[in-house]
Amino acid sequence: MAIQGEKNQIAVEFQNFKKRFGTKLVHRDVSFQVRKGECLGLLGGSGAGKSVILRSLIGLEKPDEGQILVDGEDITKMGERDLIEIRKKVAYVFQNGALFDSMSVYENLAYPLRAHTKLNEREIADRVHEQLDEFGLAGNEKIFPANLSGGMQKRVGLARSIILQPKIVLYDEPTAGLDPYNTIRIQEMILRLKSKGVTAIFVTHDMPSVFAVCDRIALLLEGKVSAIGTREELERAPEGKLGRFVTGQEL
Ligand SMILES: Nc1ncnc2c1ncn2[C@@H]1O[C@H](COP(=O)(O)OP(=O)(O)OP(=O)(O)O)[C@@H](O)[C@H]1O
Ligand SMILES: [Mg+2]
């Protein structure tokens, strides 16, 4: 029973994930778990395969070998219909916000609600305004993405990605290129979701944000998770991989 209880605490699990593109073996053997409600920071050099891990989690890439469990269900064998359900549960926050240029901020946020829920227009309006309010974006409803700053685009992108109230959120470099003000706003948005029990994987090179929002950190190196643990555990580890990675030394 104890083992069963423990399993139920795992939101995401990669088991011996292997992925190659042509002759390039990107992931040799990646295994890690993300606990429910946890925010796991996923670090690794450019090209280490962090985005491929996130894309695989919503079925946009298929592994060559291995399993990916979401709430205990292997998604690697699922067809498109089941993957659509997974994508409601697992939100992917794209780096550039991925807003629709021809739609206002309001329409951008309303879009997923129209596509995936049975809410009527009044309920949609309430939900959109509530979301904008909660994330400090009220008053921007009529603006088009091209007229928003990069930081605002990312914040609106995040607000839209999570409007269906996913249980798991995948952040792909959400603070890249942002000024300190917008970086801190994004950190606050992530922490707010965390306080509601949302599980997250946070891919980034932004160490202050990792330390601000993540419970544990995983380091991807040469196709494997070479270290995983809390900041303190990794800093204490004899091989000191986290410190070496952060300070730009060879691992
Ligand atoms: N669809 C694809 N076809 C071919 N190669 C790909 C494809 N997707 C990813 N790759 C390769 O896989 C490797 C890992 O890519 P990925 O985008 O996951 O890296 P990353 O860790 O996210 O890097 P960055 O920090 O620069 O975003 C790269 O060498 C990339 O060129
Ligand atoms: Mg990437």
Which of the residues that make up the range 24-47 are under 14 Å from the mean Cα position of the chain (by Cα) and within 13 Å of ligand 2 (Cβ to nearest atom)? L42, L43
Please enumerate the residues belonging to the range 148-203 that are within 16 Å of ligand 1 (Cβ to nearest atom) and surrounded by fewer than 17 Cβ atoms within 10 Å (Cβ to Cβ). A176, G177
Does the range 3-16 contain at least one residue that is away from ligand 2 (no atom under 16 Å from the Cβ), touching a Ser or Thr at 6+ places or on another chain (Cβ under 9 Å), more than 24 Å from A176 (Cα to Cα) and acidic (D, E)? yes
Please specify each residue of the range 48-103 satisfying the condition of being buried (at least 16 other Cβ atoms within 10 Å of the Cβ), away from ligand 2 (no atom under 16 Å from the Cβ) and hydrophobic (A, V, I, L, M, F, W, C). I68, L69, V70, I75, M78, I86, V90, A91, L99
Near pairs, Cβ below 8 angstrom, 6+ apart or cross-chain, from the range 52-66 (touching a residue at least 12 places away in the same chain (Cβ under 8 Å) and closer than 22 Å to K167 by Cα) to any residue that is near ligand 1 (Cβ under 9 Å from one of its atoms) and assigned to a loop (DSSP other than H, G, I, E, B): V52/E61; R55/E61
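One line per residue, one yes/no per condition, for (1) touching a residue at least 60 places away in the same chain (Cβ under 8 Å); (2) of a type in the set (F, W, Y); (3) under 22 Å from P180 (Cβ atoms):
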site	(1), (2), (3)
R122	no, no, no
A125	no, no, no
H129	no, no, no
L132	no, no, no
E141	no, no, no
G150	no, no, yes
R155	no, no, yes
S161	yes, no, no
I168	yes, no, no
Can you name every one of the helices (runs of 4 or more DSSP H) wholly within the range 1-110 that holds 3 or more residues which are hydrophobic (A, V, I, L, M, F, W, C), modelled with pLDDT under 95 and more than 16 Å from ligand 1 (Cβ to nearest atom)? 80-89
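The values are calculated or read from the model by the stated rules, or taken from the named source; none is laboratory data. The shown structure was predicted, so the numbers you read here are calculated from the model rather than taken from an experiment. Glycine gets a Cβ as well: all are built from the backbone with ideal geometry, and neighbour counts include every protein chain shown.
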